[in-house]
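A quick write-up on the structure given underneath.
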Amino acid sequence: GVLFTQADHFGIHVGRVDLLFDRNSRKLLGREAICEPMDNRLHLDDVVISRAKSQLAESDAALTQPIGELARTLHARGRPAQPSDIERLIGAAITESLLERNVAVDGVMHGLFDENADLFAGPKTVNDIWNVIPYENYVVTAQLSSDEIKAVMEEIYASHERRNLLGFDVKLEGRGWDCKITSMTMQDGRPLDRSKKYLIAFNSFDSRSAGHHFMKLRALLETPSAKSVMHPVQTRDALIDYFRRHKIVHKIATAGELAAVA
């Protein structure tokens, strides 16, 4: 057989195979495949590093490219139905990237890799965005009814996987992620039309169940009525392009903050 391993974000794991042979017959008695962290027990190979020197230099140059400035520190940690500052920023970036392709979405769902890693104010580089989204993910859109959106979000809350829906105002009852949806409207307060389909953007990982956590979402997106489309837009590239377009990036206001200003 062929062994496949996933390197994980930043390639922090390495695949290891232990083979057990009989010394006399030299027959294979057993095998065990595991992923191990590439920590200080594993040293860099000088020969490989030397041969990849020019490519590594190109990578370093690409990562240090300036892309804009963040006006104020954005917090990573959100709460159920209360997207974090960084979640809202990612949602705005995906929305703008799709609009450039004449695709107008009603909502965006995209989680965070590290809820303890705030994005600090100041000049930003490509490397800063790689730390926010350290993996390749494309954008997938699907047309869902309000009942389907509610079912998807209730599945997400029940899984305790930390995701929120941008573009909608979701009211909950319960404590923490053990909660139920009591009402859901558009972010500006408009009621949802049960006969209408809403276009929602997901990342490709979540659209395929996020490791079997969101099986209901996956099943819905596989139905013909959802008209699911994978776009040639990577979420990380969308965020980088957002900084480059805006130059100075500000905190994305919440619906409550917008109402207070109005």
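The values are calculated or read from the model by the stated rules, or taken from the named source; none is laboratory data. Bear in mind the structure is a predicted one, so any value in this text is a computation, not a measurement. Reconstructed Cβ throughout: ideal geometry from the backbone, glycine too, with neighbour counts over all protein chains shown.
Which one is nearest to the chain's Cα centre (by Cα), of the residues in segment 112-142 that are in a strand (DSSP E or B) and buried (at least 20 other Cβ atoms within 10 Å of the Cβ)? Explain how you work it out, then say what you get.
The initial filter retains those residues of segment 112-142 that are in a strand (DSSP E or B), namely 119, 122-125, 138-142.
Now restrict to residues that are buried (at least 20 other Cβ atoms within 10 Å of the Cβ): 119, 124, 139-142.
On the way: Leu119: 15, Lys124: 19, Val139: 9, Val140: 12, Thr141: 14, Ala142: 16 Å.
Restricting to residues being in a strand (DSSP E or B) and buried (at least 20 other Cβ atoms within 10 Å of the Cβ), the top hit is Val139.
Could we say that Asp60 is modelled with pLDDT of 95 or more, charged (D, E, K, R) and closer than 30 Å to Phe214 by Cα here?
On the way: modelled with pLDDT of 95 or more: yes; charged (D, E, K, R): yes; closer than 30 Å to Phe214 by Cα: no.
Answer is no for this residue.
Can you tell me which of Asp237, Asp188, Asp193, Asp169 is under 30 Å from Ile67 (Cα atoms) and either in contact (Cβ under 8 Å) with a residue 60 or more places away in the chain or surrounded by fewer than 17 Cβ atoms within 10 Å (Cβ to Cβ) (or both)? Don't jump to the end; show me each part of the working.
Working: Asp188 fails: under 30 Å from Ile67 (Cα atoms); Asp193 fails: under 30 Å from Ile67 (Cα atoms); Asp169 fails: under 30 Å from Ile67 (Cα atoms).
Every option except Asp237 fails the conditions.
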- In segment 169-188, is there at least one residue being within 16 Å of His110 (Cα to Cα) and not acidic (Asp, Glu)? yes
- Would you point out which residue out of Leu44, Leu29, Leu56 is aliphatic (A, V, I, L, M) and closer than 16 Å to Asn127 by Cα? Leu56
